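Visitor: What follows is a single structure, and I will ask about it in a moment.
The values are calculated or read from the model by the stated rules, or taken from the named source; none is laboratory data. Since this is a predicted model, take the numbers as computed values, not measurements. No Cβ is skipped: glycine too gets one built from the backbone with ideal geometry, and neighbour counts run over all protein chains shown. Please note that ligands, DNA and RNA were not included when accessible areas were found on the heavy atoms of the full protein model with its side chains. Shrake-Rupley method; radii C 1.70, N 1.55, O 1.52, S 1.80 Å.
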Amino acid sequence: MVSVNDLTMEFSARPIFSDVSFVINKTDKIGLAGKNGAGKSTMLKIIAGLQQPTSGTVAKPSEVTIGYLPQQMKLADDTSIINEARKAFARIDEHKARLENLNEQLASRTDYESDSYARLIEDMEYLNDRLAMEGADNMEAEVEKTLLGLGFSREDFDRPTSEFSGGWRMRVELAKILLQKPDLLLLDEPTNHLDIESIQWLEQFLQTKARAVMLVSHDRAFLDNVTKRTIEISCGKAYDYKVSYTPYTALRKERVEQQMRAYENQQKQIAEIKAFIERFRYQATKAIQVQSRIKQLEKIVPIEVDEVDNSRLRLKFPPAPRSGDFPLIVEDVGKAYGDHQVFDHADFRIRRGEKVAFVGKNGEGKSTLVKAIMGEIDHTGTLKLGHNVKIGYFAQNQAQLLDEDLTVFETIDNVAVGDIRLKIRDILGAFMFGGEASDKKVKVLSGGEKTRLAMIKLLLEPVNFLILDEPTNHLDLKTKDILKDAIRDFDGTVIVVSHDRDFLDGLVEKVYEFGGGKIKENLGGIYDFLRSKNLENLRDLELTKSPTGKQTELSSVQESNPETRQQDNSASQISPKLSYAEQKAREKVVKKAEKKVKDAEEEISRLEALQKEIEDKIASGDTSQETLDAYAKARKDLENGMSLWELATMELEELKM
């Protein structure tokens, strides 16, 4: 589908990668791997057509469409959330406008037998087919479903985009790209602004509905769940593995070991040749052999080892001063902004040495509670810090607090104490500030580099209570592992606000879930928490009908007993606090929603039967263009029908809550 041929890219005469070639097929799910600065983002920009390579080409058929999500982009602030998302269907709007124009022409024409009239009819049929194929009738449902999946509520839809943070507006841009359903999705760190639930929704979307995908991510679990192929850019070359990220790391380790053995053998050979040359350089009888060895040395192509292995490097926090048994006590704490209650009646205690996670959708109060702990905002209830608690706080804007006139090395040298000062260069190298980079002024660093530097600074301060708000957003996978090991070995108390499941796995032993104005304590690690969430969702699903009309055991029992069904429906749908008129109005709305679900299920059954009928025709040998077009349309209609059913079911479930 897309062919990358002999790409070479240079910056300031320094090669980033050279003679890179690979092919992206129609259903490939590819993770683009490599250390920071290897050229991953540059590769995505070149494939998207936004940057020209020094040499080489990217070839694709003209009809192939590409959607590209960069890490940062300029966002519009001139409309509402839902209207901004609707811009994804600009092509459909153009088709509709053209179709309307053709209808107006037909209404005024009487030359029914002319060739131009026939061409108008053909154009109308083509546009109608295109609109059907592109899901024009299902446009609103797709917009709603995608925005809900990415964490927006229906109340957000009509709010102007200017009221939202940059992270939330990036979600709108991601929604627009997904709604366009391009043949190839190029995503650069798509999870940086998503919470755990939105990441899981995006995973499912990319697995089931996206076509070809190439993505850069520092979220190992996300890569493993989405990708089936990994292309690594290292030392200017591309290595193609037909596996997801975790198996790739094992294969890569084998390759590096082979390179190291080859490198060592080559170095031994070079040393022997140089020794021979040096020994016999001035002996006339050996002049021919010496010249031969010199030529042999000149012809040797140096073997590069992909990356210096710093996996043995371990960061260690200074010993934490001992705090009281309970560094944090939260009693009936709440916070409201005007009429909006963020959370209320929060009650929990964190023991000394515990490592816990704050998780939940954005806007549910995680960072708000952290600010309350830090004393930055007022609150109701009682919030106590224990005896001798010394907090080390990493906020998402921590980088702005650095002294921009210092160098990278000076910034760390000023806080390092004891033996750790002897390892400052090693630590900076682990966090991608090796060599000359350690002598850069802070003022010239990028936002991501400043974030990493602020993280190193925090790691070296003598504290006993760490509070980390999204600490991994700008760290690559190896650096995240180093940080995770350091926090795991830390003998103080830790709160981590994060959406990175892989980072939290094996690090925290308790999860506090923020949602619905409440804070719920969950014992166990992050995957224990996620499994419990999935079980709850499964129990909810057991009370609904499946998309093909098949019913669960519970609903079958209710069907067989109309009296029971009526009682259950009335119990679940009508609140005893409602007036009679309100109850009747609510019943009417619920019945209408139930009918939408039923109609959607019947339509799905019809479309499944139609698709099966066309598949049987194709299986029997009918591969005419008309049959293939009919099959493509049937598949599209079924996909749209499933989307309508999902949306109708979500609406019904909300009404019954």
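Visitor: Of LYS588, LYS617, LYS596, LYS577, which residue is more than 35 Å from the chain's Cα centre (by Cα), open to solvent by 70 Å² or more (accessible area, probe 1.4 Å) and either at pLDDT 75 or above or among the β-branched types (Val, Ile, Thr) (or both)? Even if it seems obvious, please write down each step before you answer.
Guide: Details: LYS588 fails: either at pLDDT 75 or above or among the β-branched types (Val, Ile, Thr) (or both); LYS596 fails: more than 35 Å from the chain's Cα centre (by Cα); LYS577 fails: either at pLDDT 75 or above or among the β-branched types (Val, Ile, Thr) (or both).
Being more than 35 Å from the chain's Cα centre (by Cα), open to solvent by 70 Å² or more (accessible area, probe 1.4 Å) and either at pLDDT 75 or above or among the β-branched types (Val, Ile, Thr) (or both) holds for just one of LYS588, LYS617, LYS596, LYS577, which is LYS617.
Visitor: Can you name every residue in segment 338-357 that is loosely packed, with under 15 Cβ neighbours inside 10 Å, over 30 Å from the mean Cα position of the chain (by Cα) and not acidic (Asp, Glu)? Reasoning before the result, please.
Guide: Of the residues in segment 338-357, the ones loosely packed, with under 15 Cβ neighbours inside 10 Å are 338-341, 345, 347, 351.
Within this subset, residues satisfying the condition of being over 30 Å from the mean Cα position of the chain (by Cα) are 338-339, 345, 347, 351.
Correct list: GLY338, HIS345, ARG351.
Visitor: While we're on this one: Kindly indicate whether any position in segment 455-468 is aromatic (Phe, Trp, Tyr) and closer than 23 Å to ASN388 by Cβ.
Guide: Step one: filter segment 455-468 for residues aromatic (Phe, Trp, Tyr), giving 465.
Among the residues that remain, those that are also closer than 23 Å to ASN388 by Cβ are: 465.
There is at least one residue in segment 455-468 that is aromatic (Phe, Trp, Tyr) and closer than 23 Å to ASN388 by Cβ.
Visitor: Is it true that ILE47 is open to solvent by less than 20 Å² (accessible area, probe 1.4 Å), of a type in the set (A, V, I, L, M) and assigned to a strand (DSSP E or B)?
Guide: Against the criterion (open to solvent by less than 20 Å² (accessible area, probe 1.4 Å), of a type in the set (A, V, I, L, M) and assigned to a strand (DSSP E or B)), ILE47 does not qualify.
Visitor: Could you grab the pairs with beta carbons closer than 9 Å, sequence gap of 6+ or different chains, first residue in segment 212-229 and free of Cβ contacts under 8 Å to residues at least 24 places away in the same chain and within 18 Å of THR472 (Cβ to Cβ), second one assigned to a strand (DSSP E or B) and open to solvent by less than 10 Å² (accessible area, probe 1.4 Å)?
Guide: Listed pairs, sorted by first residue: ASP224/GLY31.
Visitor: Let me ask you something else. Please go through segment 452-480 and pick out each residue that is closer than 18 Å to THR191 by Cα and open to solvent by 20 Å² or more (accessible area, probe 1.4 Å).
Guide: GLU470, ASN473, HIS474, LYS478
Visitor: Identify the single condition in (1) on the phi < 0 side of the Ramachandran plot; (2) in a strand (DSSP E or B) that HIS345 does not satisfy, given that it satisfies every other one.
Guide: The failed condition is (1).
Visitor: Moving to a separate point now. Just wondering, is there one or more residues in segment 212-225 that are at pLDDT below 85, of a type in the set (Asp, Glu), part of a helix (DSSP H, G or I) and open to solvent by 10 Å² or more (accessible area, probe 1.4 Å)?
Guide: no
Visitor: Here's another thing I want to ask about it. Sort through LEU186, LEU202 and tell me the only one that's part of a helix (DSSP H, G or I), at pLDDT 85 or above and surrounded by 18 or more Cβ atoms within 10 Å (Cβ to Cβ). Can you show your working first?
Guide: Working: LEU186 fails: part of a helix (DSSP H, G or I).
Just one listed residue meets the conditions, LEU202.
Visitor: On to the next question. Can you tell me which of ILE420, ILE412, ILE377, ILE427 is β-branched (Val, Ile, Thr) and under 30 Å from ASP332 (Cα atoms)?
Guide: Values: ILE420 fails: under 30 Å from ASP332 (Cα atoms); ILE412 fails: under 30 Å from ASP332 (Cα atoms); ILE427 fails: under 30 Å from ASP332 (Cα atoms).
Matching residue, one of ILE420, ILE412, ILE377, ILE427: ILE377.
Visitor: Cβ contacts < 8 Å: first residue free of Cβ contacts under 8 Å to residues at least 12 places away in the same chain, restricted to segment 259-281; second residue of a type outside the set (A, V, I, L, M, F, W, C), any location; separation 6+ or different chain. Result?
Guide: PHE280/LYS286; PHE280/GLN289
Visitor: Kindly indicate the residue of segment 487-537 that is in a strand (DSSP E or B) and free of Cβ contacts under 8 Å to residues at least 40 places away in the same chain and also surrounded by the most Cβ atoms within 10 Å (Cβ to Cβ) among those meeting that condition. Don't jump to the end; show me each part of the working.
Guide: To start, the set of residues in segment 487-537 that are in a strand (DSSP E or B) comprises 493-497, 510-515, 518-523.
If we keep only those that are free of Cβ contacts under 8 Å to residues at least 40 places away in the same chain too, we end up with 520, 522-523.
Working: LYS520: 14, ASN522: 18, LEU523: 10.
Residue satisfying both the conditions and the ranking: ASN522.
Visitor: Right, another one. Working carefully through the options ILE412, ILE373, ILE424, find the one that is among the β-branched types (Val, Ile, Thr) and either in contact with a Phe, Trp or Tyr (Cβ under 8 Å, 6 or more places away or on another chain) or open to solvent by 60 Å² or more (accessible area, probe 1.4 Å) (or both). Can you show your working first?
Guide: Values: ILE412 fails: either in contact with a Phe, Trp or Tyr (Cβ under 8 Å, 6 or more places away or on another chain) or open to solvent by 60 Å² or more (accessible area, probe 1.4 Å) (or both); ILE373 fails: either in contact with a Phe, Trp or Tyr (Cβ under 8 Å, 6 or more places away or on another chain) or open to solvent by 60 Å² or more (accessible area, probe 1.4 Å) (or both).
Of ILE412, ILE373, ILE424, the one residue that is among the β-branched types (Val, Ile, Thr) and either in contact with a Phe, Trp or Tyr (Cβ under 8 Å, 6 or more places away or on another chain) or open to solvent by 60 Å² or more (accessible area, probe 1.4 Å) (or both) is ILE424.
Visitor: Considering segment 8-17 alone, what residues qualify as being surrounded by 12 or more Cβ atoms within 10 Å (Cβ to Cβ) and out of contact with any Leu (no Cβ under 8 Å at 6 or more places or on another chain)?
Guide: Start the filter on segment 8-17 by keeping residues that are surrounded by 12 or more Cβ atoms within 10 Å (Cβ to Cβ), which leaves 8-10, 15-17.
Within segment 8-17, THR8, MET9, GLU10, PRO15, ILE16 meet the criteria.
Visitor: Being modelled with pLDDT of 85 or more and touching a strand residue (DSSP E or B) at 6+ places or on another chain (Cβ under 6 Å), is that true of even one residue in segment 75-89?
Guide: yes
Visitor: Could you list, in sequence order, the residues of segment 239-269 that are in a helix (DSSP H, G or I) and in contact with a Pro (Cβ under 9 Å, 6 or more places away or on another chain)?
Guide: To start, the set of residues in segment 239-269 that are in a helix (DSSP H, G or I) comprises 245-269.
Those that are in a helix (DSSP H, G or I) and in contact with a Pro (Cβ under 9 Å, 6 or more places away or on another chain): TYR263, GLN266.
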